[in-house]
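Here the structure comes first, spelled out in structure tokens, and everything after it is commentary.
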Amino acid sequence: MVEFWTAYVWPVLWIIIQILMFLVPVLIGVAYLTYAERKIISAMQMRIGPNVVGWFGLLQPIADAVKLLTKETVLPTGASPVVFFLAPMVTFGLAMMAWAVIPVGDGWVISNLNVGILYLFAISSLGVYGVVMAGWASNSRYAFLGAMRSAAQMVSYEVSIGFIMISVLITAGTLNLTELVLAQSEPLFGVLPGWYFIPHFPMFIVFFISVLAETNRHPFDLPEAESELVAGFMTEYSSMSFALFFLGEYANMIMMSALITILFLGGWLAPYDVAPLNMIPGVVWFALKIAMCLFVFIWTRATFPRYRYDQLMRLGWKIFLPFSLIWLALTAGFLVYADALPG
Amino acid sequence: MIAAAIAFYVFATMAVIGGLNVIFQRNPVHSVLWLILTFFNAAGLFVILGAEFVAMILVVVYVGAVAVLFLFVVMMLDINITVIREGIHKYVWAGLLVGGVLLAELVTVFTSWVMFDDAASLSTAPTPDPNVITNTEALGNILYTDYVYLFQAAGIILLVAMIGSIVLTYRTRTGVRKQVIADQVARRPSDTLEMVKVESGKGLQ
């Protein structure tokens with residue numbers, strides 16, 4: 001009996017506990033990301049923002065959640081019921097699945113996968129299914145157009161994301177996310193932090209913009225451009241299914257910020273390995289870096305007008321793709337020339 | 001070990017169920033969705049085998065790119081199932097004939113299959129130990145040394161295919177008002193604006 005407990009029950013329980021320790025902070029983070037977004041944008045537009053529910057409006061996300069849950073779930077006529085309800089679950093589930101491999105501190109990871117970065121890339125490339133299924137199953141023109149746009153957009157920007165990831169990977173010489181972060185611990189020239197956003201600076205910017213397009217955020221939020229398509233692929237969704245889309249989208253933003261942090265901003269590492277800085281735990285650094293990325297996401301939303309569809313495609317295929325390809329060749333060439341290839 | 005066995009049976013059964021549903025679903029969009037499930041389970045089987053790199057590449061390439069294109073195309077088609085099923089009695093014999101020939105061929109191939117005595121030892125011998133070397137490294141070592149010419153040849157074939165499809169579908173249309181960013185950036189105020197001082201009481205001309 002004891003053997004059965006230690007061999008089978010406890011490992012499973014331990015994994016579930018670990019998953020909860022990741023997902024509960026992520027979901028609280030999602031709730032307060034919506035609050036932060038409204039507060040930051042209102043500050044940028046000289047408004048007050050949510051301030052009625054709770055102190056400084058701090059309970060606003062909870063009020064919103066309760067409001068969404070108590071609304072009626074509507075199934076449009078002619079919709080394909082299974083696919084219609086599967087779509088938000090796919091979006092939400094994928095956004096949660098990605099956290100399985102993200103290391104938030106040294107050894108603080110559920111699964112230290114050897115191909116962690118490929119896993120993340122696979123998961124983020126699956127995000128398009130939630131959108132496409134929603135658009136198709138809704139049996140609505142707006143939803144379908146939004147889904148078509150989104151599919152083309154996400155597939156296009158994935159290509160440059162992939163190439164940039166490869167450039168970073170050949171610099172680090174590993175596909176393991178923990179090792180990738182540790183590879184950035186060596187200071188650059190002895191003075192600068194060894195984070196990859198310095199040697200790969202142009203690609204850091206390109207990657208950030210591609211992530212905006214991949215997560216359907218402003219200024220690339222064409223799938224849900226409200227002035228043309230009502231709400232795009234989400235048009236027919238209400239109540240719980242809408243809430244799942246909403247949660248999934250914001251969780252994706254946090255996940256992508258975590259990815260930027262790991263690839264370019266040195267993960268949980270402090271900028272310098274000196275006394276006051278390295279006494280702060282790695283998780284705090286990780287959270288701070290994610291928060292910084294998220295702030296830029298929101299800042300972009302408040303600042304830039306929406307792109308037109310052909311401009312978006314032109315940017316993805318004619319500028320980012322060749323640019324990231326050239327950068328890949330340059331990185332590989334430099335590493336071979338300087339005899340700095342790892343491994 | 002028992003966990004791996006359970007996982008294997010779950011993945012294998014789901015893959016077979018998914019594969020059958022790809023054929024038997026009436027709605028082609030549902031077929032593609034089942035196909036995606038099959039891909040996932042195949043990736044799961046690869047993970048059990050310890051081939052994590054192949055598993056991830058399977059998901060990235062087949063689910064993330066190929067199946068998206070399938071879904072894209074199938075969703076755009078306006079398919080009327082009753083129209084498709086109209087001539088089924090006419091075509092069923094031809095279909096059965098082709099299927100029968102294929103089945104007979106497969107049966108003859110598999111029954112006349114002779115295993116070389118040392119085959120088992122030859123195929124297992126060069127596999128590196130996953131505890132010593134990671135998947136990615138092992139594959140890279142083989143792909144870029146022993147098979148580098150074949151690898152490059154595959155790349156060239158894909159490049160030719162890509163250029164070919166671009167050449168076949170590319171057409172220049174005249175009379176289309178297209179946005180040329182360079183032209184817009186090169187515009188100067190002097191090209192389009194003229195500052196005129198208008199005397200009061202008189203028109204411009």
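Looking only at segment A:106-123, count every residue that is of a type outside the set (D, E), in contact with a Gly (Cβ under 9 Å, 6 or more places away or on another chain) and more than 12 Å from every other protein chain (Cβ to nearest Cβ) and tell me the total.
2
Results for (1) within 11 Å of chain B (Cβ to nearest Cβ); (2) without any contact (Cβ under 8 Å) to a residue 40 or more places away in the chain; (3) closer than 30 Å to A:I198 by Cβ, shown as yes or no for each residue.
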{"residue": "A:A65", "(1), (2), (3)": "no, no, no"}
{"residue": "A:A87", "(1), (2), (3)": "yes, no, no"}
{"residue": "A:M97", "(1), (2), (3)": "no, yes, no"}
{"residue": "A:V104", "(1), (2), (3)": "no, no, yes"}
{"residue": "A:S125", "(1), (2), (3)": "yes, yes, yes"}
{"residue": "A:A147", "(1), (2), (3)": "yes, no, no"}
{"residue": "A:M154", "(1), (2), (3)": "yes, no, yes"}
{"residue": "A:E158", "(1), (2), (3)": "yes, no, yes"}
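At pLDDT 85 or above, aromatic (F, W, Y) and surrounded by 14 or more Cβ atoms within 10 Å (Cβ to Cβ), is that true of A:F320?
Yes.
Could you check segment A:258-317 and list, in sequence order, the residues that are part of a helix (DSSP H, G or I), of a type in the set (F, W, Y), out of contact with any Lys or Arg (no Cβ under 7 Å at 6 or more places or on another chain) and within 30 Å of A:A151 (Cβ to Cβ)?
Selection gives A:F264, A:F295, A:W299, A:W317.
How many residues does segment A:235-257 contain that are surrounded by fewer than 24 Cβ atoms within 10 Å (Cβ to Cβ) and assigned to a loop (DSSP other than H, G, I, E, B)?
So the count comes out to 3.
Quick test of your reading of the structure: A:D339 fulfils all but one of (1) within 30 Å of B:T136 (Cβ to Cβ); (2) at pLDDT 85 or above; (3) more than 14 Å from every other protein chain (Cβ to nearest Cβ). Name the failing condition by number.
It is condition (2) that A:D339 fails.
Determine whether B:F39 is at pLDDT 90 or above and within 11 Å of chain A (Cβ to nearest Cβ).
yes
For segment B:1-33, how many residues are loosely packed, with under 12 Cβ neighbours inside 10 Å and modelled with pLDDT of 90 or more?
Residues that pass the stated criteria total 2.
Can you name the condition, by its number, that A:I170 falls short on among (1) more than 8 Å from chain B (Cβ to nearest Cβ); (2) not in a helix (DSSP H, G or I)?
In the conditions (1) more than 8 Å from chain B (Cβ to nearest Cβ); (2) not in a helix (DSSP H, G or I), A:I170 misses (2) alone.
Could you figure out which of (1) more than 14 Å from chain B (Cβ to nearest Cβ); (2) more than 20 Å from A:I290 (Cα to Cα) isn't true of A:V9?
Every condition holds for A:V9 apart from (1).
What helices (runs of 4 or more DSSP H) completely inside segment B:72-132 contain at least 1 residues that are modelled with pLDDT under 70 and of a type in the set (S, T, N, Q)?
B:81-84, B:119-124
Which one is farthest from A:E158 (Cα to Cα) among residues in segment B:54-78 that are facing chain A (nearest Cβ under 8 Å) and in contact (Cβ under 8 Å) with a residue 40 or more places away in the chain?
B:M75
Please state which one of A:G190, A:G194, A:G146 is in contact with a Gly (Cβ under 6 Å, 6 or more places away or on another chain) and modelled with pLDDT under 85.
One residue alone meets the criteria, A:G146.
Could you tell me which residue of segment B:142-198 is farthest from the other protein chains (Cβ to nearest Cβ), considering only residues that are among the aromatic types (F, W, Y) and exposed (fewer than 10 other Cβ atoms within 10 Å of the Cβ)?
To start, the set of residues in segment B:142-198 that are among the aromatic types (F, W, Y) comprises B:144, B:147, B:149, B:151, B:170.
If we keep only those that are exposed (fewer than 10 other Cβ atoms within 10 Å of the Cβ) as well, we get B:149, B:170.
Details: B:Y149: 20, B:Y170: 14 Å.
Filtering first and then ranking leaves B:Y149.
The values are calculated or read from the model by the stated rules, or taken from the named source; none is laboratory data. Here the structure is a predicted model, which is why all the values come from computation and not from measurement. Note that each Cβ is placed from the backbone with ideal geometry, even for glycine, and that neighbours are counted across all protein chains shown.
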